[in-house]
Every structure is written in structure tokens, then in C-alpha cells.
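S.K.: After the C-alpha cells below, expect a handful of questions from me.
The values are calculated or read from the model by the stated rules, or taken from the named source; none is laboratory data. This one's a predicted model, so the numbers in the text were calculated from it and none came from an experiment. Here the Cβ is made from the backbone with ideal geometry for all residues, glycine too, and neighbour counts use every protein chain on show. Accessible surface is based on the protein model in full, side chains and every heavy atom, while ligands, DNA and RNA are left aside. Shrake-Rupley method; radii C 1.70, N 1.55, O 1.52, S 1.80 Å.
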Amino acid sequence: MLQITEIPVEGYEKVCRGIDTASGLHAIIAVHSTALGPALGGMRLWPYESLDQALTDVLRLARGMTYKAACSGLDLGGGKSVILGDNSIKSDDLFEAMGDFVDSFGGDYITAEDVNTKVEDMGVVATRSKHVVGLAGKSGNPSPVTAMGTFLGLQATLEDVFGDSSLVGKTVAIEGVGAVGSIYSKLVTEAGGTVVVADIRGDAARKVAEETGGSMVDPDAIHSVDCDVFAPCALGGSLNDETIPRLKAKVVCGAANNQLLEPRHGEQLRERGIKYAPDYVVNAGGLINVYNELVPGGYSEERAMKRVESIRVNMKAILGMARAEDICTSVAADRFAETRIQEALAPNRT
Ligand code: NAD
């Protein structure tokens, strides 16, 4: 039987641990905020070394989702779930128990696929709860919308730095050419830019370089490439004490989550005169895509693509705020999101 225990965490609306010994489920669901709407965030399966490590991760990720949704103007809050374990524990029983756990939040938490969970797993979760998005036959692969959103954020940032949004004559160094980075590379070259790519999968980098007429470098050389834009599209933590001094770019704009190793690295980029397009502002296309499943009328790719245009507008607002308040763009993005959340929480809201 599923046993649910609440873990009180300051600053979070509800955090629960769920254990079902029969299926082997050991999971945590964290709802950071529902001020703007139900908390949406993926279900991650990861071999955490301890409960503490899993809790730290789910709290960080849930809070990040609140900020991403708020910045994107979506009527969604932030939440996340993590299952402790690796792929070997996957079973229908496990995802059914997880479905019950999701359902126990009564719609305050909406789940979706994430690292190590697949659309098929969400299909099993959906047999126990209707609070699931990203199911087969609905919004589908989010990567093209994420790449497009990141590209729109890039255009806004180029305009701010260079006076116009054109890619002609610009070189973009792209770290990681997986699902998003490969499409982003094509958007850049189709707009007249040149790409230099790197990937720990050399074959993937070679393929994208060939397809786009660009070039490739080793992954450890990508930060030092002579370029206008550095685009982290691999894993988090790419911007840190070791890499920031090596950057030659004037702009950083990529799709990876958690690009700044620590918040202070946003200020470090500013001090070096590099304009950083905050990750959760420009990579919100996937969230915008899946959000479209929840709006009246159901999913429409056309509507999702239209809505993703808001990323350019939001990016411009954040760049303007950073300039006006003389702060770095990552702090401006946080304030931008917090303003929207505070407005939603205001008692006299109409
Ligand atoms: P992916 O796994 O398809 O691609 C990541 C690529 O990065 C892979 O090809 C991998 O080999 C490469 N890589 C890993 N470490 C590297 C390194 N040190 N140097 C160079 N290359 C490296 O993932 P994706 O879906 O393209 O997502 C990329 C990033 O964008 C992730 O951080 C993800 O969390 C974020 N993101 C993705 C989406 C989406 O819609 N897919 C939405 C929001 C954010």
C-alpha cells in the first residue's frame, strides 16, 4: 500500500514522500508554488545516493519550474517529482503507484516525462491520475519548440547588444548538439549565421557540422572559440569560474537548464561584458508546448508556436530591467518572475 508522509519545507506549499513496498516505489513530490496555477513539472527517475540528495534535487527543480512558468506568462505553478532508483526498477506496478501518488495532490501537481521517464511510462501513470501531460498523441516532442524559443531569445539579445537581431556575419559556438542543439544550429545557419559545434558524441557534432556547413571542435575547446555567441545546449553548470574567463563571446544564449554553476556567475558574466540570456527564460518552449494541452480546445502546434513568440518579448523586458536597475540579467529574470507571482498573491487581485 502507498504510504504518503508530508515533509514540511519552508517556502514550499507541499512536499511529500511516497513509499510503496510492493512495487518498490520510493519517491518525493514537491509543489513549490501554485500562486499562478497548478504546479507542473516532470517526473525524474535517478539513482540518488541518499534521500537528502533526492530532496535537494526535487526542491531545486520545483522552484525552478515556478520561475520558468512565471517568466513565460503561463498560468502554472512549479513542482517536480523524483523517483529514487535506476531504470531497472521500472514496472507498470511502480508507475501505477506513482500515479496514485500524483493523484493524491488533487490536481495541484501535474506531471510529465523527464530524465529517465518516457511517454509510455506516463501512459501507465495516466491509468491512475488524469493530472499528466505529454502523453502519446498530444504535444509530442518538445525540442523543436524549445529550439525555436531559444532562437527568439537569441534575436532579442543580439538586438540589445549589437543594435539589430541579424545573424548574418555572426558565429555561434554550440556546446551539445542533441535534440535541441541540432535544431538550434539549423535555425542559426538558416538565418545566415555560422556555427561551431562540439559534442562528447563526436559523430553527432560531425553530422551537424556537415549539415550546416559549420565546423566542429573538441568539447573542452568550445568555450574558447572565437565567436559572437556561446550557446550551452548540453548539461548544467557550463558557466563557472573555469569557463567564464575563457569566453570570447559577447552573448550567452542556449537551451541547457541551470547553466550558471552558482548564482554569482551571472554577475561574473556581466563584469566581463557578456550578456547572458537566462536559461529558464529562453528554454521555456518545451513548457509552453506542453502547457497547450491544458488550455481549452486542447493541444495545437500552431498555438504553441505562436505562444513561444512571447519569449522574445519577455527577454526584451528582462534586458530592459537589467539595464534600468544596473543588475545582471539572471537577477532581473528572478525579479521579473517574482513580480508576477507577488501580483497573483496580492489580496485585492481582481
Ligand atoms: P540531449 O540529451 O538530446 O542533448 C544533449 C547533448 O549534449 C548530447 O548530444 C550530449 O552528447 C551532449 N553533451 C553532454 N555533455 C557534453 C559536454 N560536456 N560537451 C559537449 N556536449 C555534451 O538533450 P536536449 O533535449 O537537447 O537538451 C539539452 C539541454 O536543454 C538540457 O540541459 C535540457 O535539460 C535542456 N532543455 C531541453 C528541453 C527540450 O525540449 N528538450 C527543454 C528545456 C531545457
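S.K.: So, in Å, what gap is there between the alpha-carbon centers of the range 290-350 and the range 109-165?
M.R.: Cα centroid of the range 290-350 versus Cα centroid of the range 109-165: 16 Å apart.
S.K.: Further question on the same structure: Cross-link partners among aspartates and glutamates for LYS90, C-alpha distance below 17 Å, same-chain residues fewer than 8 apart left out?
M.R.: Answer for LYS90, where 17 Å is the Cα cut-off: ASP20, ASP100, GLU113, ASP114, GLU120, ASP121, listed by chain and number.
S.K.: What spacing in nm lies between the two simple spin-label points modelled at LYS207 and VAL119, each 7 Å away from Cα in the Cβ direction?
M.R.: Modelled inter-label distance: 1.8 nm.
S.K.: While we're here: Note down the magnitude of the dipole of the chain about its Cα centre, charges +1 on Lys and Arg C-beta and -1 on Asp and Glu C-beta and zero elsewhere, to the nearest 20 debye.
M.R.: Value, rounded to 20: 800 debye.
S.K.: Here is a follow-up. Could you give me the percent of Cα pairs per 5 Å distance bin for the range 120-234, shortest bin first, beginning at zero and ending with the bin that holds the maximum distance?
M.R.: Answer for the range 120-234: a P(r) of 2, 12, 20, 19, 15, 9, 8, 7, 5, 2, 0 percent.
S.K.: Among 76-89, 46-59, what's the highest-first ranking by average C-beta atoms within 10 angstrom per residue? Intermediate results must be reported in sequence, preceding the final value.
M.R.: On the way: 76-89: 22.4, 46-59: 15.8.
Output ranking for 76-89, 46-59: 76-89, 46-59.
S.K.: Then there is this: Name the residue farthest towards the positive end of the dipole of the chain from the options ALA332, LEU167, ALA30, assuming +1 on Cβ of Lys and Arg, -1 on Cβ of Asp and Glu, about the Cα centre.
M.R.: LEU167
S.K.: Relative contact order of the range 247-350, please, whole-number percent, based on alpha carbon pairs below 8 angstrom and at least 6 residues apart.
M.R.: 26 percent
S.K.: While we're looking at this one, here's another question. Given a cut-off of 36 Å, what percent of all Cα-Cα pairs of the chain lie beyond it?
M.R.: Numbers: 12488 of 61075 pairs.
Across the chain, Cα pairs with separations above 36 Å total 20 percent.
S.K.: If you roll a 1.4 angstrom probe over the protein chains with everything in place, what fraction of the accessible area of the chain belongs to carbon and sulfur, to the nearest %?
M.R.: 51 percent
S.K.: Next up: Rule-of-thumb check for the range 249-342: C-alpha Rg over 2.2 N^0.38 Å?
M.R.: For the range 249-342, the normalised Cα radius of gyration comes out at 1.18.
S.K.: How about LYS248: which lysines have a C-alpha closer than 19 Å to its C-alpha, ignoring those fewer than 8 places off in the same chain?
M.R.: Here the lysines satisfying the reach criterion relative to LYS248 are LYS170, LYS275.
S.K.: Further question: In Å, what Rg and Dmax follow from the Cα atoms of the range 1-160?
M.R.: Computed over the Cα atoms of the range 1-160, radius of gyration and Dmax are 15.9, 57 Å.
S.K.: What is the calculated FRET efficiency for LEU345 to ALA317, with r their C-beta to C-beta distance and R₀ = 35 Å, to the nearest 0.05?
M.R.: Given R0 = 35 Å and the Cβ-Cβ separation, E is 0.95.
S.K.: Moving on to the next point. Test of understanding: what is the full-extension gain from ARG60 to ASN87, defined as 0.36 nm times their sequence separation minus their Cα-Cα distance? Walk me through the numbers before you get to the answer.
M.R.: On the way: separation 27, 0.36 × 27 = 9.72 nm, distance 2.25 nm.
Taking ARG60 through ASN87 to full extension adds about 7.5 nm, to one decimal.
S.K.: So, one more: Distances longer than 17 Å among the Cα atoms of the range 170-289: what percent of all pairs is that?
M.R.: The proportion of pairs with Cα distances above 17 Å equals 50 percent.
S.K.: Starting from the Cα-Cα distance between MET1 and THR127, subtract it from 0.36 nm times their residue separation and give me the gain in nm to one decimal.
M.R.: Extra length from MET1 to THR127 when fully extended: 43.7 nm.
S.K.: Considering only protein heavy atoms, what per residue accessible area in square angstrom results for the chain with a 1.4 angstrom probe? Spell out each step's value before the answer.
M.R.: Working: 15060 Å² over 350 residues.
Accessible area per residue, the chain: 43 Å².
S.K.: Based only on the alpha carbon positions, what is the Kirkwood hydrodynamic radius of the range 37-118, in angstrom?
M.R.: One over the average 1/r among Cα pairs gives 13.1 Å for the range 37-118.
S.K.: Let me ask something else about it. How long is the gain from GLU325 to GLU302 if the chain were fully straight, where each residue apart is worth 0.36 nm and the alpha carbon distance is subtracted?
M.R.: Computed gain between GLU325 and GLU302 is 4.7 nm.
S.K.: How big is Rg to Rh over the range 1-51, alpha-carbon atoms, Rh as the Kirkwood inverse-mean-distance radius?
M.R.: On the Cα set of the range 1-51, Rg over Rh gives 1.00.
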